[in-house]
1. Quick one: 3J(HN,Hα) in Hz for the stretch A:397-408, Karplus 6.51/-1.76/1.60 with θ = phi - 60°, rounded, Gly and Pro as x.
2. Return the distance in nm (one decimal) between the two label points of a simple spin-label model at residue A:372 and residue A:440, each offset 7 Å from Cα along Cα→Cβ.
3. Pick out, from B:272, B:355, B:335, the residue whose Cα sits farthest towards the positive end of the charge dipole of chain B, with +1 on the Cβ of Lys and Arg and -1 on the Cβ of Asp and Glu.
4. Mind listing the long-range amide H neighbours of residue B:12? Cut-off is under 5 Å, sequence gap 5 or more, other chains count too, H placed in the peptide plane at 1.01 Å from N.
5. Once amide H atoms are placed 1.01 Å from N in the peptide plane, what residues at a sequence separation of 5 or more from residue A:275, or on another chain, have their amide H within under 5 Å of its amide H?
6. Just tell me which lysines come within less than 21 Å, Cα to Cα, of residue B:255; anything on the same chain fewer than 8 places away is out.
7. Would you list B:83, B:258 from fewest to most Cβ contacts within 10 Å?
8. Could you list A:136, A:47 so that the one with the fewest beta carbons within 10 Å of its beta carbon is first and the one with the most is last?
Protein chains: 2
Amino acid sequence: MTTSTRQLSLGAFLMATGHHVAAWRHPGVPADPLDFSVYRRAAQIAENACFDALFVADSVAAPNDALASHSARSVYFEPLTLLSALSTVTERIGLVATATTSYNEPYHVARKFASLDHLSGGRAGWNLVTSDAAAEAGNFGRDAHIPHAERYARAWEFQQVVQGLWDSWADDAFVRDKASGQFHRPDGVRALGHAGEHFRVQGPLNVARSPQGRPVLVQAGSSETGRELAAESAEVVFTAQPSLARAQAFYADLKGRLAGYGRGEDDLKIMPGVYVVVGRSEAEAQDKAEQFQALVDPRVGVALLGRMLGNFDLSGYPLDGPLPELPPTEDGQRSRQQLLTELAGSEHLTLAQLGQRIAGGRGHFSLVGTPLQIADQLQVWFEGRAADGFNILVPHLPLGLEDFALQVVPELQRRGLLRKQYQGRTLREHLGLQRPANPYFT
Amino acid sequence: MTTSTRQLSLGAFLMATGHHVAAWRHPGVPADPLDFSVYRRAAQIAENACFDALFVADSVAAPNDALASHSARSVYFEPLTLLSALSTVTERIGLVATATTSYNEPYHVARKFASLDHLSGGRAGWNLVTSDAAAEAGNFGRDAHIPHAERYARAWEFQQVVQGLWDSWADDAFVRDKASGQFHRPDGVRALGHAGEHFRVQGPLNVARSPQGRPVLVQAGSSETGRELAAESAEVVFTAQPSLARAQAFYADLKGRLAGYGRGEDDLKIMPGVYVVVGRSEAEAQDKAEQFQALVDPRVGVALLGRMLGNFDLSGYPLDGPLPELPPTEDGQRSRQQLLTELAGSEHLTLAQLGQRIAGGRGHFSLVGTPLQIADQLQVWFEGRAADGFNILVPHLPLGLEDFALQVVPELQRRGLLRKQYQGRTLREHLGLQRPANPYFT
């Protein structure tokens, strides 16, 4: 293949113990999801490999299904505290944390991400999500989660408020004139005075405009509403795409919506998730992948499947029977529900087999092979307008990330697809995103 | 003076640029309140001096008075992100962050502090406050702050929920049995199922029980309601006491309330704030203190005074006139309002003089003198049942803290009043507080 001048972006999707649901059972994997040293090691591996960012998902509830006791997903660090800690043991890599708009206040969210952006010298990103699980609702005074449309309306307004708060201060507001005693220009700050359907927020924010102007806005919704929200405001989109063709269609669709909001194609980066198991030979890679698969308790795989299909309890169905017919989910997982239903039908998978299939990649595209094979595929996706980069999921942490960093990254660098050293200091600079001007102080 | 076996606790009250309102104007003081390196330096100075904890105050609004542009208090790090970052550049010192119960959700607060406790190996503390400023209310959909009684009722329930969530998991819940695939014991977790006046929170928390069992609970309220809340649940109380006699009365009163809640005297540590300016000679100390006082713009001092009296706008009153008669404040500053009114009356201070008087210590007891003089006073308070320790306020950061650490701390250590090295690893161990058992799993 030819070398490329355009370069791809890489995210390291950190999940305690790794992405494979049974990773923690592997003898070589540290099984404590609250061991900071594992995250520190993973972050430093990713930074040495010049990844654009670390990415941390989130939920504001502990899983409550019957098999929760058999997975390592019940407890974990809160993302903003974790990434703040990681900001001091890294220097360049971006720090993207998930925070829900459904059960938060925009003032708190704006403030914490702006604070992280200052702490890290311009490396913060906010992955905006909505909450679609009843377990989350129950921790915030509700019996059921907020319906999809209302959730997105709230998310839209939430995001407007956060962006407005991030623009509270002019970049040059702080003159700090020791002689006169003037600390900031009185005309360098503005109250937001937002009064909307869901929020009333006066402002200004009590954090100065941050090094990136605004932390990078990341989204992951793939519903129609989610795509419109992303086209209007997102700068990075994470997405789960099971095939090249699907990824190309998604890419074309989302990029095609940008012009409608006065935005250019380069203003939004699309980064599908890819589950990667790498080996020096194809056999070694397959063997490694199967080691993890063999550790999957079928009931645990099915419980995970139930959550991914839209929080269904599948524990009453026979493991060796087919995927039962389910009502279309009302939550944000509808496109994933369709994909998994198709997959089960086309390959005649039993419930247990389908559960095992998603135990590692969770519906993301999976690559199991040699460094060359994996680099080939990533290059095809990248050059074939299916991706601007990838969010890398590895079966186990920290070693799965080290495998990727030591084996795949050099091959991507050799092909000119990935930087060999950081050129910039901020996440925006890594991603090739403009620093937004402050529209209120021009 | 004689040496003592009981030892005192020290908190380093970190405020951007320092406590003196004009500190940032001093030539030797870094004037950027969002410079992490200043905090790192201050944290390491305090840790080298064996302080029990760092303490960070908070407000969820930027000050909006006319003189905000002339003080360095408008922007600063959000406490939980800041202390998470500091957790990785320190090893032993406690990390106490303020978070309001008025405009937060207990699930978020419980989770973030538990996460910080895990990140730091058991060094987290939560300073529970209520919000009493209209500017804060305006950032959370309200026109005015919540009235005092309702605020405290909410705080009480909030704290119950947070403590309950911290006890979601048994200390030994996580068996992580790789062979059987059981990650935690199913009977090692419980939902909270709280349904009260202000909150409905199902739980469980998605963070394991933390190294300290529960992060240390700190409070600072001094109203009647505040004292009862503290007697019931606080483990540390910060307080502003202007004289030894007042501090002794407060100490006796609060300790006397503990038995009513089945608690012992040692279950709650009382740590008054002390503003300290130290010099090798008394003249040098006075000179240093006056250097800062001379930098106070009288209008800035009066604006700060207005906030401390209960968010009054005093800008319309003559600077050389007396403190005007003010209605009793409805917010949490009533005891401070009384003290400052008495002080102004007894010393016939003008408005500008009173503003200047509180520009450094903010109503806390002030000590300006040699290391011996300062150590003498601290010992008198400590041995005279006015304090179990002190929250140290210094005029400027990081150098004011260095002065205290290099000059006063060795004198306290020589007298046996302060540890020469840490004996424990957690904040509870430093403070001599028991690790609470989990009442739900005994």
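The numbers here are math on the coordinates, done by the rules we state, and not lab data. What you are looking at is a predicted structure, and each value in this text was computed from that prediction instead of being measured. Neighbour counts run over all protein chains shown; Cβ positions are idealised from the backbone, glycine included.
1. Along the stretch A:397-408, the couplings run 10, x, 5, x, 6, 5, 4, 5, 5, 7, 10, 7 Hz.
2. Calculated label separation equals 5.7 nm.
3. Farthest towards the positive end: B:272.
4. Close amide H contacts, sequence-distant or interchain: B:53, B:54, B:55, B:392.
5. A:365, A:366, A:367, A:393
6. Within the straight-line cut-off, residue B:255 pairs with B:269.
7. B:258, B:83
8. Ascending Cβ contact count within 10 Å gives the list A:47, A:136.
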